[in-house]
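Engineer: One structure follows; several queries about it will come next.
The values are calculated or read from the model by the stated rules, or taken from the named source; none is laboratory data. Bear in mind that the values here come from a model prediction, so they are computed numbers and not experimental data. Note that we place each Cβ from the backbone using ideal geometry, even for glycine, and neighbour counts take in every protein chain shown. Heads up: the accessible areas ignore ligands, DNA and RNA and are worked out on the full protein's heavy atoms, side chains in. Shrake-Rupley method; radii C 1.70, N 1.55, O 1.52, S 1.80 Å.
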Amino acid sequence: MGTSKETPVDRDTKKKDDSVYLRRKITLLRAISLTVGTIIGSGIFISPKGVLKNSGNIGLSLIIWVACGVLSMFGALSYADIGTTIKKSGGHYIYLLETLGPLPAFLRLWAEFVMIRPANIAVVTLAFGRYLIEPIFVPCNAPAVVVKLISVIGIACIIALNCWSVSWSANFQTAFTALKLVALVLIIVPGINTLVQGHNENFQNAFDTSSLALDKIPLAFYSGMFAFGGWFYITFVTEEIINPERNIPLTVIISLTVVTIGYLLANVAYYTILTAEEVLGSDAVAVSFAEKTLGQFSPVIPILVAMSCFGALNGGIFASSRMLFAASRENQWPPLFAMIHIRRHTPLPALILMTPLIILMISIGDLYGLLNFYSFSRWLFMGLVTLGLIIHSHRYPDLPRPFKVPMVIPLIFTIMSLFIVGMSLYSDPINTGIGCAFTLSGLPVYYLTVQKSRLPRQFVDVFNRLTVKLQILMEVVPQEIKTY
């Protein structure tokens with residue numbers, strides 16, 4: 001028998017299969033699971049207290065929840081527009097780099113690494129630890145040290161999973177998204193059923209203005225928007241999405257519609273069963289709700305909520321590591337973090353880098369302080385991204401835009417984001433001021449490190465040798481195939 005000759009196409013295919021790069025493994029279902037699964041984390045189970053506290057009454061708090069959903073949809077549609085035009089992974093960072101220049105992009109990256117990402121993940125991780133361990137200590141509160149220990153173990157497992165396999169992380173995300181939807185259903189169904197039976201006494205005087213403080217409204221938005229946080233993660237992994245021009249817009253439209261309706265119904269269910277005073281007095285609103293509605297099955301809710309947080313952590317870690325990866329590839333971060341494991345095909349160094357600061361933030365442990373602390377920078381830069389979209393579209397009017405939104409949508413999102421940022425400096429000057437200071441601390445770092453000519457030659461040589469040693473230790477190499 002004759003042997004078949006290997007064609008050039010076969011050789012190219014084999015070479016590509018053996019090459020080290022981030023592969024397109026995220027289907028539409030996985031993209032929706034990533035987005036929904038990252039949005040629905042701890043937020044809907046802890047944020048109702050923060051929204052109600054700062055809005056002053058039940059009626060306004062429900063309006064704020066709807067407004068947060070609409071505002072998130074505007075932001076997500078804007079990101080889908082720019083994400084299908086600039087086809088690089090990296091989300092906020094890449095869009096700022098391409099539209100407003102390297103300095104705003106670096107400051108976003110700096111704020112992400114030293115503040116936004118560790119604090120955000122710490123908030124969700126602490127919620128995971130609290131909900132998982134709380135049923136064991138009922139009727140007492142779980143010791144803070146135990147909650148933090150469980151939180152650290154949980155985040156270590158998530159990072160290890162993401163270092164091991166992209167496919168496993170994606171499948172894990174899909175499974176846990178289904179679990180968190182079950183948790184929402186277990187809250188919505190008994191609450192709405194009670195409301196339909198005529199128990200609407202908690203909605204009497206829903207718009208009582210006795211506790212209303214207009215300067216606290218931005219902080220109510222912070223709590224609400226925290227619960228919607230994650231709609232932008234899909235643009236962090238653009239290069240790994242199959243058919244991104246189609247799947248990114250579909251993902252954000254489907255995901256935000258499902259989540260907004262689910263959140264509104266969940267809050268109506270909470271307020272049907274719990275009075276405003278009970279919501280404000282509870283550290284775990286979903287647990288208080290379950291104790292009144294599910295009886296002996298109430299421990300199921302905190303476990304499901306803990307699993308919901310666990311899934312959100314997986315999505316957040318999976319996506320945010322790609323920002324560091326993209327920044328390193330653009331020469332604004334050490335080159336080690338643009339490297340990929342030779343067998344696992346995961347961005348191992350970028351994943352490991354986030355661990356120490358996350359653990360530090362977990363040790364701080366103040367959920368609402370952390371929330372206000374990082375929200376300033378997050379919203380400032382999201383507003384700048386959509387401003388950059390407006391500028392970019394006017395600067396390059398003939399550039400192909402597979403998914404184009406009316407400019408009024410990013411304009412509204414930009415104005416609202418910058419308004420919330422400005423008001424928060426007035427409402428909570430300490431935490432937001434610290435957030436602002438941390439962001440501006442990136443300026444000297446940018447001028448001393450990103451502009452390499454300012455670094456002593458000896459330092460550069462030592463740094464390069466250390467990079468090679470770590471590269472060998474981690475078994476990582478630069479990406480071998482361009483994916484954008």
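Engineer: With Ser167, Ser151, Ser211 as the choices, which residue is out of contact with any helix residue (DSSP H, G or I) (no Cβ under 7 Å at 6 or more places or on another chain), small (Gly, Ala, Ser), at negative phi and open to solvent by less than 70 Å² (accessible area, probe 1.4 Å)? Before the answer, list the steps.
Structural biologist: Working: Ser151 fails: out of contact with any helix residue (DSSP H, G or I) (no Cβ under 7 Å at 6 or more places or on another chain); Ser211 fails: open to solvent by less than 70 Å² (accessible area, probe 1.4 Å).
Step by step, each of Ser167, Ser151, Ser211 is checked, and only Ser167 is out of contact with any helix residue (DSSP H, G or I) (no Cβ under 7 Å at 6 or more places or on another chain), small (Gly, Ala, Ser), at negative phi and open to solvent by less than 70 Å² (accessible area, probe 1.4 Å).
Conditions tested, residue by residue: (1) buried (at least 24 other Cβ atoms within 10 Å of the Cβ); (2) of a type outside the set (Lys, Arg); (3) within 22 Å of the chain's Cα centre (by Cα).
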residue	(1), (2), (3)
Glu240	no, yes, yes
Asn247	no, yes, yes
Ile254	no, yes, yes
Val259	yes, yes, yes
Tyr263	yes, yes, yes
Ala266	yes, yes, yes
Thr293	no, yes, no
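Engineer: Follow-up. Using the structure shown, decide if Phe236 is open to solvent by 10 Å² or more (accessible area, probe 1.4 Å), farther than 17 Å from Lys180 by Cβ and among the aromatic types (Phe, Trp, Tyr).
Structural biologist: no
For (1) in contact with a strand residue (DSSP E or B) (Cβ under 9 Å, 6 or more places away or on another chain); (2) closer than 23 Å to Lys49 by Cβ; (3) small (Gly, Ala, Ser), each residue gets a yes or a no:
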{"position": "Thr99", "(1), (2), (3)": "no, no, no"}
{"position": "Pro102", "(1), (2), (3)": "no, no, no"}
{"position": "Ala105", "(1), (2), (3)": "no, no, yes"}
{"position": "Trp110", "(1), (2), (3)": "no, no, no"}
{"position": "Ile116", "(1), (2), (3)": "no, yes, no"}
{"position": "Gly129", "(1), (2), (3)": "no, yes, yes"}
{"position": "Ile155", "(1), (2), (3)": "no, no, no"}
{"position": "Val185", "(1), (2), (3)": "no, yes, no"}
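Engineer: Would you check if Ser282 is of a type in the set (Gly, Ala, Ser) and surrounded by fewer than 24 Cβ atoms within 10 Å (Cβ to Cβ)?
Structural biologist: yes
Engineer: Turning to a different aspect of this structure: Return the only residue of Ala122, Ala105 being of a type in the set (A, V, I, L, M, F, W, C) and within 18 Å of Met382 (Cα to Cα). Break it down stepwise before answering.
Structural biologist: Values: Ala122 fails: within 18 Å of Met382 (Cα to Cα).
One residue alone meets the criteria, Ala105.
Engineer: Something else now. Considering Val51, Val70, which residue is open to solvent by 10 Å² or more (accessible area, probe 1.4 Å), at pLDDT 85 or above and on the phi < 0 side of the Ramachandran plot?
Structural biologist: Val70
Engineer: Take the residues in segment 179-188 that are open to solvent by 40 Å² or more (accessible area, probe 1.4 Å) and in contact (Cβ under 8 Å) with a residue 40 or more places away in the chain, then tell me which one is farthest from Gly59 (Cα to Cα).
Structural biologist: Leu179
Engineer: Kindly indicate whether Val145 is assigned to a helix (DSSP H, G or I) and without any contact (Cβ under 8 Å) to a residue 40 or more places away in the chain.
Structural biologist: Details: assigned to a helix (DSSP H, G or I): yes; without any contact (Cβ under 8 Å) to a residue 40 or more places away in the chain: yes.
When the stated conditions are applied, Val145 passes them.
Engineer: Within segment 77-107, track down each residue that is open to solvent by 10 Å² or more (accessible area, probe 1.4 Å), in a helix (DSSP H, G or I) and not hydrophobic (A, V, I, L, M, F, W, C).
Structural biologist: Thr85, Glu98, Pro102, Pro104
Engineer: I've got another one for you. Name the residues in segment 417-439 that are among the aliphatic types (A, V, I, L, M) and free of Cβ contacts under 8 Å to residues at least 40 places away in the same chain, would you?
Structural biologist: Leu418, Ile430, Ala437
Engineer: Based on this model, can you work out whether Val196 counts as open to solvent by 40 Å² or more (accessible area, probe 1.4 Å), farther than 24 Å from Phe137 by Cα, more than 24 Å from the chain's Cα centre (by Cα) and among the aliphatic types (A, V, I, L, M)?
Structural biologist: So Val196 fits the description; yes.
Engineer: From the residues in segment 337-352 that are touching a residue at least 60 places away in the same chain (Cβ under 8 Å) and surrounded by 21 or more Cβ atoms within 10 Å (Cβ to Cβ), which one is farthest from Cys163 (Cα to Cα)?
Structural biologist: Here the answer is Ala338.
Engineer: Just the residues that are open to solvent by less than 10 Å² (accessible area, probe 1.4 Å) and within 20 Å of Ile434 (Cβ to Cβ), please, taken from segment 380-390.
Structural biologist: Phe381, Met382, Gly383
Engineer: Could we say that Leu132 is in a helix (DSSP H, G or I), of a type in the set (A, V, I, L, M, F, W, C), without any contact (Cβ under 8 Å) to a residue 24 or more places away in the chain and open to solvent by 50 Å² or more (accessible area, probe 1.4 Å) here?
Structural biologist: No: the conditions fail for Leu132.
Engineer: Might you let me know whether segment 391-399 holds any residue that is out of contact with any Ser or Thr (no Cβ under 7 Å at 6 or more places or on another chain), crowded, with 21+ Cβ neighbours inside 10 Å and assigned to a helix (DSSP H, G or I)?
Structural biologist: Going residue by residue through segment 391-399, those that are out of contact with any Ser or Thr (no Cβ under 7 Å at 6 or more places or on another chain) are 393-398.
Restricting the remaining residues to those that are crowded, with 21+ Cβ neighbours inside 10 Å gives none.
No, that holds for no residue.
Engineer: Which one is modelled with the lowest pLDDT among residues in segment 73-116 that are within 15 Å of Val445 (Cβ to Cβ) and among the small types (Gly, Ala, Ser)?
Structural biologist: Across segment 73-116, the extreme among qualifying residues is Ala111.
Engineer: Another question, if that's okay. Among the residues of segment 305-332, write down those that are in contact with a Leu (Cβ under 6 Å, 6 or more places away or on another chain) and open to solvent by 10 Å² or more (accessible area, probe 1.4 Å).
Structural biologist: Passing the criteria: only Met307.
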